[in-house]
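Asker: Okay, here's the structure, questions in a sec.
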Amino acid sequence: MNRRVYLDHAATTPLVPEAREALVRALEIVGNPNSVHAAGRRARAVLEESRETLAECIGADPAEIVFTSGGTEADNLAILGARSRPGRPHILSAPIEHPAVSEAARFAHVADAQQSLSVTSDGHVSLAGAAATVNSHTALVSVQWVNNEIGTIQPIADVAEVARRNGAWMHSDAAQALGHVPLDFAASGVDLMSLAGHKVGAPVGIGALVVSRRISLAPVSFGGGQERTVRSGTQPVALAAAFAAAASRAAQRQADETRRLAALRDLLVAGVTERVGDVELNGADPVSPAVCNMTFRGLRAADLQFLLDREGFDCSTGSACHAGVAQPSEVLLAMGRSLSDASACLRFSFGWSTTSADVESLLAALPALVGQARGAFA
Amino acid sequence: MSGGVDSAVAAARMVDAGHEVTGVHLALSRNPELFRSGSRGCCSLEDSNDARRAADKLGIPFYVWDFSDRFVADVVDDFVAEYQAGRTPNPCLRCNEKIKFAAVLERGLALGFDAIATGHYASLASGPHGTELHRATDPAKDQSYVLGVLTQAQLERSLFPLGGDLKPAVRDEAARRGLSVARKPDSYDICFISDGDTGGFLESRLGARPGLIVDEEGRAVGEHNGSHRFTIGQRKGLHLGHPAADGRPRYVLDISPVSNTVTVGPLEQLRVSALHCIRPTWAAPVRHGEWEGSVQVRAHGQPVGARLDIGDEADIVLDAPLTGIAPGQAAVFYDGTQVVGSATISAARPVLVDA
């Protein structure tokens with residue numbers, strides 16, 4: 001097999017042509033957007049145009065966009081920035097969050113008792129649990145829009161309402177959402193929203209934190225006071241331009257793309273169900289069409305992933321890596337699955353460049369490789 | 001690929017020989033340190049990265065396989081248990097026997113690989129009865145002893161590309177190939193005790209148990225903090241209050257974990273003329289009955305000629321005395337340069353001294 005099949009778009013996705021063009025064009029501009037002379041103004045104009053384009057894609061005001069180096073920085077700025085709210089020591093999140101949220105929350109949370117939001121067995125944050133846990137001592141509630149491992153879409157508007165009732169801020173990591181589900185910041189009731197450029201086909205190294213005009217976020221790093229003092233430093237004009245172009249394309253095509261990817265996902269699930277036994281799909285509706293996580297019982301996920309890699313398929317066990325060794329999925333464990341099930345799941349994720357031929361190739365290869373991995377486990 | 005220069009060069013040679021190679025780093029520690037601290041210890045995250053970079057340079061896939069749970073159970077716990085029982089453990093042999101050429105090899109075979117190659121200094125030859133294990137060309141680096149526990153089935157699936165080389169030449173080759181680990185110091189001693197303090201490690205696992213150090217007549221000559229801190233033949237670290245009557249150094253002759261007593265005495269008492277061993281393993285076809293060969297009892301010890309009689313257990317009569325033999329130590333049997341097998345020393349017969 002000569003051609004590799006890339007099925008790890010949730011990790012990163014190829015640069016879209018619009019982003020490449022915008023990037024290359026903007027790289028020609030010389031000028032620090034903070035300089036007052038003509039060269040600076042020219043750079044500044046491209047930056048602000050990018051900001052406006054991005055804001056329009058997601059239903060936000062341009063003044064609410066803070067450009068960052070990516071999704072992780074955006075998550076950290078949101079969570080650490082909520083830390084100093086007087087009388088509110090608690091940061092609440094669910095155990096299914098990306099480490100950029102959970103690790104920042106762990107650092108920031110002042111706990112007499114370590115609390116977290118509870119998760120249902122099908123991979124959604126429990127609304128009843130949130131209502132019972134969020135209170136007047138909560139500074140921030142953070143719930144991802146779409147889970148990165150299994151793709152489940154979280155009840156954002158409902159949890160935002162619970163937060164609002166208690167005077168807590170609501171943050172959502174929307175890195176996996178842009179382009180796959182409709183995103184309207186203003187309508188959602190969310191106060192803070194993280195975006196990652198490279199998940200929608202912009203280069204790695206650019207993201208945004210959307211900060212509602214309603215709140216005043218405390219900065220955690222300091223310098224020239226750019227980006228509303230929340231994120232000091234010379235802004236990456238070319239990267240911002242690429243991000244805006246990619247986000248614009250993703251938002252425009254979202255409805256069609258969601259349909260297209262849903263069909264690919266259905267094709268994969270149907271094919272696996274037919275050709276491979278003892279497999280369970282993880283993540284009940286509502287779920288993003290871009291992520292398909294399945295448990296293949298009776299094997300080590302790392303072994304199947306290794307065999308697929310050797311056969312030309314790039315896919316992931318979905319869970320965090322520690323020093324190159326895949327860990328059992330914390331998300332599946334939080335859903336109440338067994339340790340062996342949580343160590344037997346693979347994530348296939350689709351993107352703008354995925355075709356039905358990719359899915360067909362995977363379906364052709366999977367049965368034998370699953371058999372071999374099961375043999376290695378026995 | 002440990003992240004050391006030997007396994008890196010071994011991998012490079014396998015690639016040059018035309019094999020389809022995948023580099024695997026074994027994660028054996030549950031809490032790997034960030035950096036390699038000195039020459040002791042192994043498998044820190046820095047070592048993992050060094051192995052990864054070498055694989056990148058060679059253009060081969062690289063994976064980290066986690067065997068930390070098995071390693072704790074089969075190697076570390078065994079190490080502690082042996083000391084607790086007053087015996088000397090062989091962690092490197094256990095690791096080869098249970099992990100590297102067993103669990104790891106099994107997993108590799110199940111995933112479609114044909115063989116495992118390592119940077120061990122040992123040689124393989126094709127003999128009339130199958131694959132033979134022989135000493136390496138470099139006597140200073142020869143590691144055939146720690147491979148002595150392997151079976152023929154394991155040897156059939158193993159490759160040791162460095163067996164014919166001297167260590168300095170291997171380092172030069174690494175430098176020529178542009179491998180960043182060319183000048184990296186070798187790791188030695190026990191890989192899971194990175195600060196080299198075996199006594200401290202054992203104490204943290206077994207606690208301190210104060211007891212007596214006695215001479216051969218049973219008279220107390222000192223105190224200790226745990227019999228597990230000692231090994232037979234040990235001279236240092238005894239901290240005896242007063243010298244022996246003849247003024248000569250004393251050595252640990254016996255360890256009794258039940259009474260928590262350590263017996264010390266003069267060097268002559270450590271000299272043994274024969275060994276009794278249990279649980280023999282064969283790296284060559286089984287050889288029952290008496291035969292003349294040689295035996296080695298330490299990783300970097302001199303072999304000694306011997307008459308060997310190996311059945312369900314083994315009796316070895318040495319041509320010349322060996323010093324400081326501890327129960328639990330591995331004896332590896334050679335016929336010339338070929339490793340025939342190994343067994344675990346259970347008892348040693350002291351050289352008779354004229355009264």
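Laboratory data are not the source of any read-out in this text; all were calculated from the coordinates shown. Treat the numbers as computed from the prediction; the structure is a model and nothing was measured. We place every Cβ from the backbone using ideal geometry, glycine too, and count neighbours over all the protein chains shown.
Asker: Does any residue in the range B:47-71 that is at the interface with another protein chain (Cβ under 10 Å from one of its Cβ atoms) and touching a residue at least 60 places away in the same chain (Cβ under 8 Å) come within less than 7 Å, Cβ to Cβ, of a residue that is part of a strand (DSSP E or B) and of a type outside the set (A, V, I, L, M, F, W, C) six or more places away or on a different chain, and which pairs are these?
Answerer: B:F62/B:G23
Asker: Considering only the range B:177-193, state which residues are of a type in the set (D, E, K, R) and more than 13 Å from the chain's Cα centre (by Cα).
Answerer: Within the range B:177-193, B:R177, B:R183, B:K184, B:D186 meet the criteria.
Asker: Another question about this same structure. Look through the range B:72-92, keep the residues that are surrounded by 21 or more Cβ atoms within 10 Å (Cβ to Cβ) and of a type in the set (A, V, I, L, M, F, W, C), and return whichever of them is farthest from the other protein chains (Cβ to nearest Cβ).
Answerer: B:F79
Asker: Given the condition away from chain B (no Cβ under 14 Å), more than 22 Å from the chain's Cα centre (by Cα), in a helix (DSSP H, G or I) and touching a residue at least 40 places away in the same chain (Cβ under 8 Å), answer yes or no: does some residue in the range A:235-247 qualify?
Answerer: Checking the range A:235-247: at least one residue is away from chain B (no Cβ under 14 Å), more than 22 Å from the chain's Cα centre (by Cα), in a helix (DSSP H, G or I) and touching a residue at least 40 places away in the same chain (Cβ under 8 Å).
Asker: Does any residue of the range A:316-334 turn out to be within 14 Å of chain B (Cβ to nearest Cβ), without any contact (Cβ under 8 Å) to a residue 12 or more places away in the chain, assigned to a loop (DSSP other than H, G, I, E, B) and of a type outside the set (S, T, N, Q)?
Answerer: Yes, that holds for at least one residue.
Asker: Moving on to the next point. What number of residues within the range A:294-304 satisfy the criterion of being more than 10 Å from chain B (Cβ to nearest Cβ) and either assigned to a loop (DSSP other than H, G, I, E, B) or within 22 Å of A:T355 (Cβ to Cβ) (or both)?
Answerer: Number of matching residues: 4.
Asker: Filter the strands (runs of 3 or more DSSP E) completely within the range B:298-355 down to those with at least 2 residues that are of a type outside the set (S, T, Y) and surrounded by fewer than 17 Cβ atoms within 10 Å (Cβ to Cβ).
Answerer: B:304-310, B:314-323, B:338-350
Asker: Within the range A:134-147, identify whether any single residue is crowded, with 22+ Cβ neighbours inside 10 Å, in contact with a Ser or Thr (Cβ under 9 Å, 6 or more places away or on another chain) and farther than 26 Å from A:S329 by Cα, and answer yes or no.
Answerer: Scanning the range A:134-147 turns up at least one residue that is crowded, with 22+ Cβ neighbours inside 10 Å, in contact with a Ser or Thr (Cβ under 9 Å, 6 or more places away or on another chain) and farther than 26 Å from A:S329 by Cα.
Asker: Having 1 or more residues that are among the acidic types (D, E) is the bar; report the strands (runs of 3 or more DSSP E) wholly within the range B:199-284 that clear it.
Answerer: Because the criterion is at least 1 residues that are among the acidic types (D, E), the strands (runs of 3 or more DSSP E) in the range B:199-284 that meet it are B:220-224, B:251-256.
Asker: Can you tell me which residues in the range B:42-71 are at positive phi and either part of a helix (DSSP H, G or I) or of a type outside the set (G, A, S) (or both)?
Answerer: B:C43
Asker: Pairs under 7 Å by beta carbon, first residue within 12 Å of another protein chain (Cβ to nearest Cβ) in the range B:103-121, partner among the small types (G, A, S), six or more apart or different chains?
Answerer: Going by the 7 Å Cβ cut-off, the qualifying pairs are B:R107/A:A376; B:A110/A:G375; B:A110/A:A376; B:L111/A:A376.
Asker: Continuing with the same structure: For the range B:93-113, enumerate the residues that are at positive phi and surrounded by 22 or more Cβ atoms within 10 Å (Cβ to Cβ).
Answerer: Correct list: empty.
Asker: On to the next question. Against the conditions (1) farther than 30 Å from A:A255 by Cβ; (2) touching a His at 6+ places or on another chain (Cβ under 7 Å), where does A:T12 fall short? Just the number, please.
Answerer: (1)
Asker: Which condition from (1) under 30 Å from A:V190 (Cα atoms); (2) over 19 Å from the mean Cα position of the chain (by Cα); (3) assigned to a helix (DSSP H, G or I) is the one that A:A26 breaks?
Answerer: (1)
Asker: Quickly run through the range B:285-297 and pick out the residues that are of a type in the set (V, I, T) and part of a strand (DSSP E or B).
Answerer: B:V295
Asker: Here's another thing I want to ask about it. Can you go through A:V287, A:V291, A:V279 and tell me which one is out of contact with any Ser or Thr (no Cβ under 6 Å at 6 or more places or on another chain) and more than 12 Å from every other protein chain (Cβ to nearest Cβ)?
Answerer: That would be A:V279, the only listed residue that is out of contact with any Ser or Thr (no Cβ under 6 Å at 6 or more places or on another chain) and more than 12 Å from every other protein chain (Cβ to nearest Cβ).
Asker: Every residue in the range A:93-103 that is surrounded by fewer than 24 Cβ atoms within 10 Å (Cβ to Cβ), within 25 Å of A:R214 (Cα to Cα) and touching a helix residue (DSSP H, G or I) at 6+ places or on another chain (Cβ under 6 Å), please.
Answerer: A:A100
Asker: Please go through the range A:305-315 and give me each residue that is at the interface with chain B (Cβ under 10 Å from one of its Cβ atoms) and not charged (D, E, K, R), ordered by number.
Answerer: A:Q305, A:F306, A:L307
Asker: How many residues are crowded, with 16+ Cβ neighbours inside 10 Å and not in a loop (DSSP other than H, G, I, E, B) when one looks only at the range B:136-182?
Answerer: Summing the residues that are crowded, with 16+ Cβ neighbours inside 10 Å and not in a loop (DSSP other than H, G, I, E, B) in the range B:136-182 gives 12.
Asker: Anything in the range A:74-91 that is surrounded by 24 or more Cβ atoms within 10 Å (Cβ to Cβ) and charged (D, E, K, R)? List them, or say none.
Answerer: A:D75 - this is the single residue of the range A:74-91 that is surrounded by 24 or more Cβ atoms within 10 Å (Cβ to Cβ) and charged (D, E, K, R).
Asker: On to the next question. Do we have any residue at all in the range A:211-231 that's surrounded by fewer than 24 Cβ atoms within 10 Å (Cβ to Cβ) and within 25 Å of A:G151 (Cβ to Cβ)?
Answerer: no
Asker: Looking only at residues that are crowded, with 17+ Cβ neighbours inside 10 Å and of a type outside the set (V, I, T) in the range B:125-135, which one is farthest from the chain's Cα centre (by Cα)?
Answerer: Across the range B:125-135, the extreme among qualifying residues is B:E132.
Asker: Still on this structure: Return the only residue of B:T261, B:T198 being on the phi < 0 side of the Ramachandran plot, touching a Leu at 6+ places or on another chain (Cβ under 8 Å) and surrounded by 13 or more Cβ atoms within 10 Å (Cβ to Cβ).
Answerer: Of B:T261, B:T198, the one residue that is on the phi < 0 side of the Ramachandran plot, touching a Leu at 6+ places or on another chain (Cβ under 8 Å) and surrounded by 13 or more Cβ atoms within 10 Å (Cβ to Cβ) is B:T261.
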